[in-house]
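In what follows, a single structure is set out as structure tokens and then discussed.
The values are calculated or read from the model by the stated rules, or taken from the named source; none is laboratory data. As the structure is a computational prediction, the values presented were derived from the model and not from experiment. Here the Cβ positions follow ideal geometry from the backbone for every residue, glycine too, while neighbour counts run over all protein chains shown.
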Amino acid sequence: MTPHLFGLSPEDLVSFIQGFGEPFPLDQARRLQAHVLGDGKLDFIVKKPVRKTLQKKILENCAMHLLKMVEKVEDPVDKSVRYLFESPDHTLIETVCIPLLKPGHFSVCLSSQAGCAMGCDFCATGRMGLKRNLEIWEIVAQFWQVRSQTQGRISGAVFMGQGEPLHNYDNVIRAARLLSSPSGCRVDSKNITISTVGLVPQIKRYTEEDHPFRLIISLTSAVKEKRDALLPISKQWPLTELAEAIKAYALKRKERVTLAWVLMKGVNSGADEVAALKELLEDTPFKLNLIDVNDARENGYQRADEGERKAFLRILQELHVPIVRRYSVGNQSHSACGMLAGKRFKDLEMAV
């Protein structure tokens, strides 16, 4: 299989090209990667960051194609831009460019899988099932192509698009390294966030390997019966085991763990949740990100109204932890996570 230039570290590229009997100094590989990933240029034949014989070997033996852009939708309210890309094997990939509070700055929400195997009850992507893991180059290409379409600075990346990032652990970590490398896309590692619904063995591995990227854990409910129904993975890795993994991560990092809470009307905004959360993470420092559920006709869940949201926030105050309200993007244009690809999958099924 021909390796893609976007999926190779400088060390990988050196090893690969030297296999053809062509000497390739590491500093030249880093210069080439900085030109392609950092500067966003594929014209290295013209710019010549490496000598001609190496250029020929790379062109002959490395793929450099991009993802096909199928659809681009801008939300009229929050100004997020959602992209639907297509890989050469017709796999559909969603990516979102999210404007940040600082004018001219953006973050890219990346997909790690096509579809998802976790089956979260409130998630449009979870209803598709898992098609396949994305390759390293497909993850990096999302960032590279969105950056090339954006007027402003892409200063962050979040693995919170389609898929469970830790279910594609190795590819996600390697992609994050390429995104953060000084000779790669040059995103500050502290501005790269990887989310998970709670795959305990992978969280433990992540903690042991001590990666510099931020981890955010989607808790959503601290009541066992509710979380089992909302996030089926909780039946395999119960809340008690997840809490132990969260605590170990907090101790290793010496910082508060970020927990995501997808807020749903009449489901997970009561005093029972706060009491359960207090008991579950009594000795663990954490902060809570409240995120409104994406309204989707298929999942039957609705956003909490302002009164319910404020009441929940008042009860949460007794935990004495930082609470941040995050806003879902793309909902006004019906392009919230999983919706574009979901619609496209349905169109394809109807056409068959």
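Residues in the range 217-248 that are surrounded by fewer than 19 Cβ atoms within 10 Å (Cβ to Cβ), of a type outside the set (Lys, Arg) and part of a helix (DSSP H, G or I): GLU225, ASP228, ALA229, GLN236, THR240, GLU241, GLU244, ALA248.
Summed over the range 294-352, residues that are of a type in the set (Gly, Ala, Ser), modelled with pLDDT of 85 or more and part of a helix (DSSP H, G or I) total 2. Search the range 98-118 for residues being assigned to a loop (DSSP other than H, G, I, E, B) and either more than 17 Å from the chain's Cα centre (by Cα) or aromatic (Phe, Trp, Tyr) (or both), and hand back the single one that is nearest to LEU67 (Cα to Cα). For the range 98-118, the residue satisfying everything is GLY104. Hey, among the residues in the range 39-67 that are over 21 Å from LEU110 (Cβ atoms) and of a type in the set (A, V, I, L, M), which one's modelled with the lowest pLDDT? Out of the qualifying residues, it is VAL46. Just one residue in the set GLY7, GLY19, GLY40 is surrounded by fewer than 18 Cβ atoms within 10 Å (Cβ to Cβ) and under 22 Å from VAL172 (Cβ atoms); that residue is GLY40. Tell me whether the range 37-46 contains one or more residues that are in contact (Cβ under 8 Å) with a residue 24 or more places away in the chain, outside any strand (DSSP E or B), among the small types (Gly, Ala, Ser) and assigned by TED's automatic domain parsing to the domain that holds GLU11. Yes, the conditions are met somewhere in the range 37-46.
For (1) at pLDDT 95 or above; (2) of a type outside the set (Ser, Thr, Tyr); (3) surrounded by 23 or more Cβ atoms within 10 Å (Cβ to Cβ); (4) in contact with a Ser or Thr (Cβ under 7 Å, 6 or more places away or on another chain), each residue gets a yes or a no:
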position	(1), (2), (3), (4)
ASN133	yes, yes, no, no
GLN142	yes, yes, yes, yes
GLY156	yes, yes, no, yes
SER189	yes, no, no, yes
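Comparison of ILE203, ILE139 shows that the only residue that is assigned by TED's automatic domain parsing to the domain that holds LYS252, part of a helix (DSSP H, G or I), under 17 Å from LEU219 (Cα atoms) and not small (Gly, Ala, Ser) is ILE203. For the range 208-263, name all the residues that are of a type in the set (Phe, Trp, Tyr), under 18 Å from the mean Cα position of the chain (by Cα) and closer than 17 Å to PRO285 by Cα. TRP261, the sole residue that qualifies.
The set of residues in the range 142-168 being under 25 Å from ARG30 (Cα atoms) and in a helix (DSSP H, G or I) consists of GLN142, PHE143, TRP144, GLN145, VAL146, ARG147, SER148, GLN149. Which condition does LEU288 not pass, out of (1) outside any strand (DSSP E or B); (2) in contact with a Ser or Thr (Cβ under 9 Å, 6 or more places away or on another chain); (3) closer than 28 Å to LYS247 by Cβ; (4) not aromatic (Phe, Trp, Tyr), if it passes all the others? In the conditions (1) outside any strand (DSSP E or B); (2) in contact with a Ser or Thr (Cβ under 9 Å, 6 or more places away or on another chain); (3) closer than 28 Å to LYS247 by Cβ; (4) not aromatic (Phe, Trp, Tyr), LEU288 misses (1) alone. In this structure, ALA260 qualifies as outside any helix (DSSP H, G or I), modelled with pLDDT of 95 or more and surrounded by 16 or more Cβ atoms within 10 Å (Cβ to Cβ). Look at the range 101-125: where a residue is touching a residue at least 24 places away in the same chain (Cβ under 8 Å) and a partner is surrounded by fewer than 16 Cβ atoms within 10 Å (Cβ to Cβ) and β-branched (Val, Ile, Thr), sitting 6+ places away or on another chain with Cβ atoms under 6 Å, you get PHE106/THR150.
With respect to (1) touching a helix residue (DSSP H, G or I) at 6+ places or on another chain (Cβ under 8 Å); (2) modelled with pLDDT of 95 or more; (3) assigned to a loop (DSSP other than H, G, I, E, B), the lone exception for VAL70 is condition (3). Among the residues of the range 177-200, those that are part of a helix (DSSP H, G or I) and either farther than 14 Å from CYS109 by Cβ or not assigned by TED's automatic domain parsing to the domain that holds GLU244 (or both) comprise ARG177, LEU178, SER180, SER189, LYS190, VAL200.
Summed over the range 263-282, residues that are in a loop (DSSP other than H, G, I, E, B) and closer than 16 Å to ARG325 by Cα total 4.
Going through (1) part of a helix (DSSP H, G or I); (2) in contact with a strand residue (DSSP E or B) (Cβ under 7 Å, 6 or more places away or on another chain); (3) crowded, with 22+ Cβ neighbours inside 10 Å one by one, ASN171 falls short only on (3).
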